[in-house]
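Heads up: the structure comes next, in structure tokens.
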Amino acid sequence: MKKVLLTGGGTAGHVTPNIALLPGLKNAGFDILYVGSYEGMEKKLIEDQNIPYRGIATGKFRRYLSLKNLTDPFRVIKGYQEAKQIIREYKPDVLFSKGGFVSVPVVLAAGKYKVPVIIHESDMTPGLANKLCQSTASKICCNFPETVNHLPAEKAVLTGSPIRRELLTGSREAGLAFTGLSGDRPILLMMGGSTGSRAVNTALRAILPQLLKDFQVIHLCGKGNLDPTLDQPGYVQYEYISAELKDLMAAADLVLSRAGANAICELLALKKPHILVPLSLIASRGDQILNAESFKKQGFSYVLQEEKETALKRGLSFVEQDELMNSETLLNAIHHVYKNRSQFIDAMEKSSQSDGVERILQMIKEAAEK
């Protein structure tokens, strides 16, 4: 039996593509082991899939000044030693890495023992963790055609993002039953990522009185962001949803989301009209701004910017064309996208960007055979 080691963590976006590969890997007869951080969110997500899980120490590679920059390198070294031990014991035939800082010591350890490594970059430009892993990888998968220009030519493969099969099997009726919503008005689903978004949460909650006149709202607000004082008919809020997400997506008529690559690829696969509010450059390296721009250019998305000044100073002039998110522009965007939803759906239906599951599974099988 061939063995595959999977890694990736830190956010749900570094885990869910791995989960999307699990059914195909099982059907192909692979033995599967997942390596993540000791108690990262990936641990529960993977254990819920009944996949064996091993934790290692991990540290973050920061681009800014922090006292943790003095201690985290030692955690990375410890994680590397632990990853080497796991690989010696498990003897995988291939490693697939979805990125995140926990993946770096695992990829480097696999390289030391000559295990073939395939990594996947979701965003338009490679993140720091994947940059550190490029020299070790034999193949680098990516979502966007533009990304190929940022990768070693002999390693880059345009695959698209692996989409979880279950997302395509949601039930609107089950979503309404779970939330208790009547569905007599259009339903807006707000997703702020696995950790939530304070800025988008605040903007959405500020317009609830006007919004609830025409819409019902499912709000995935992130851990610690529930506000019981806002509970009212037509509005439901949850910190995080996993198993029922497919049904909430099926129930939604439009979606308000951050612009993480996996999230927007799932919206594309589901053909859901949506508004994107990418993380600003103040809080990120700008990958979500580029992701959103690509989708906007293709007619898939309506984009609001959380903050524009920093992006303009760094030369991202296209953000000047986007509206700045506030209560007025957000409410107008929701009404605009719903009114013109058929145009957005038509554009997404014509898209050639593919679900990457089958292509990546084939690459894993070929690497394992070698």
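Read-outs throughout are calculated quantities, based only on the coordinates presented, and are distinct from any laboratory measurement. Not measured: the values here are computed from a predicted model. Ideal geometry is used to build each Cβ from the backbone, glycine not excepted, and the neighbour counts take in all protein chains shown.
In a GNM of the chain with a 10 Å cut-off on Cα contacts, which of Ile140, Ile51, Ile163 has the highest mean-square fluctuation?
Result for the chain, Cα springs under 10 Å: Ile51 fluctuates most.
Report, to the nearest 10°, how far helix 103-112 tilts away from the longest principal axis of the Cα atoms in the chain, using its own Cα long axis and a range of 0 to 90°.
Around 20 degrees separate the two axes.
Net charge around Leu254, counting only other residues with Cβ within less than 14 Å of its Cβ (Lys, Arg = +1; Asp, Glu = -1)?
Numbers: positive: Arg172, Arg185, Lys271, Lys272, Lys339, Arg341; negative: Asp214, Asp253.
Neighbour charge sum, excluding Leu254 itself: +4.
Gly224: net charge of surrounding residues, Cβ under 13 Å, Lys/Arg +1, Asp/Glu -1, itself excluded? Show your work: numbers first, answer last.
Details: positive: Arg198, Lys223; negative: Asp227, Glu239.
Net local charge, Gly224 excluded: 0.
I'd like the orientation of helix 261-270 relative to the chain: the angle between its Cα long axis and the longest Cα principal axis, in ° from 0 to 90, rounded to 10.
The angle comes out at about 60 degrees.
What residues have an amide H closer than 5 Å to that of Val303, excluding those fewer than 5 places away on the same chain, when H is modeled at 1.01 Å from N in the peptide plane?
Hits under the 5 Å cutoff: Leu276.
GNM on the chain, C-alpha springs below 10 Å: top fluctuator among Ala57, Ala156, Ala283?
Ala283
Which loop trypsin sites (Lys or Arg not before Pro) in the range 173-244, with loop taken from DSSP, have no more than 10 other Cβ atoms within 10 angstrom of their Cβ? All intermediate terms of the calculation are to be shown ahead of the outcome.
Values: sites: Arg198, Arg205, Lys213, Lys223; in loops: Lys213, Lys223.
Hits after loop and neighbour filter: Lys213.
Between Ser301, Ser257, Ser327, where does the largest GNM mean-square fluctuation fall for the chain, given springs only between Cα atoms within less than 10 Å?
Ser327
If I take every Cα pair under 8 Å that is 6 or more residues apart in the chain, average their sequence separation and divide by the length, what percent do I get for the relative contact order?
Averaging sequence separation for qualifying contacts and normalising by length gives 15 percent for the chain.
Considering only the other residues whose Cβ falls under 12 Å of the Cβ of Gln81, what net charge follows from Lys and Arg at +1 and Asp and Glu at -1?
On the way: positive: Arg75, Lys78, Lys84, Arg88, Lys112; negative: Glu82.
Residues close to Gln81 contribute a combined charge of +4.
Kindly state, as a whole number, the per residue volume in cubic angstrom of the convex hull around the alpha carbon atoms of the range 166-349.
Per residue, the Cα convex hull of the range 166-349 comes to 108 Å³.
Can you run phi through the Karplus equation (6.51, -1.76, 1.60; θ = phi - 60°) for the range 143-160 and list ³J(HN,Hα) in whole Hz, with x for Gly and Pro?
In residue order, the calculated couplings are 8, 10, x, 5, 5, 3, 5, 9, 10, x, 4, 6, 10, 6, 9, 7, 10, x Hz.
For the range 166-349, what's the relative contact order in percent, using C-alpha pairs closer than 8 Å and at least 6 residues apart?
Values: 315 pairs, mean separation 40.1, N = 184.
Relative contact order of the range 166-349: 22 percent.
Given a cut-off of 28 Å, name the pairs among Lys84/Lys131; Lys43/Lys297; Lys78/Lys131; Lys91/Lys131; Lys44/Lys297; Lys26/Lys272 whose C-alpha atoms lie farther apart than that in the structure shown. Please list the in-between numbers first.
Numbers: Lys84/Lys131 20 Å; Lys43/Lys297 36 Å; Lys78/Lys131 20 Å; Lys91/Lys131 25 Å; Lys44/Lys297 37 Å; Lys26/Lys272 30 Å.
With Cα atoms farther than 28 Å apart: Lys43/Lys297; Lys44/Lys297; Lys26/Lys272.
Just want the answer: with Cβ charges of +1 for Lys and Arg and -1 for Asp and Glu, which residue in His150, Val76, Tyr238 is farthest toward the dipole's positive end in the chain?
Selected residue: Val76.
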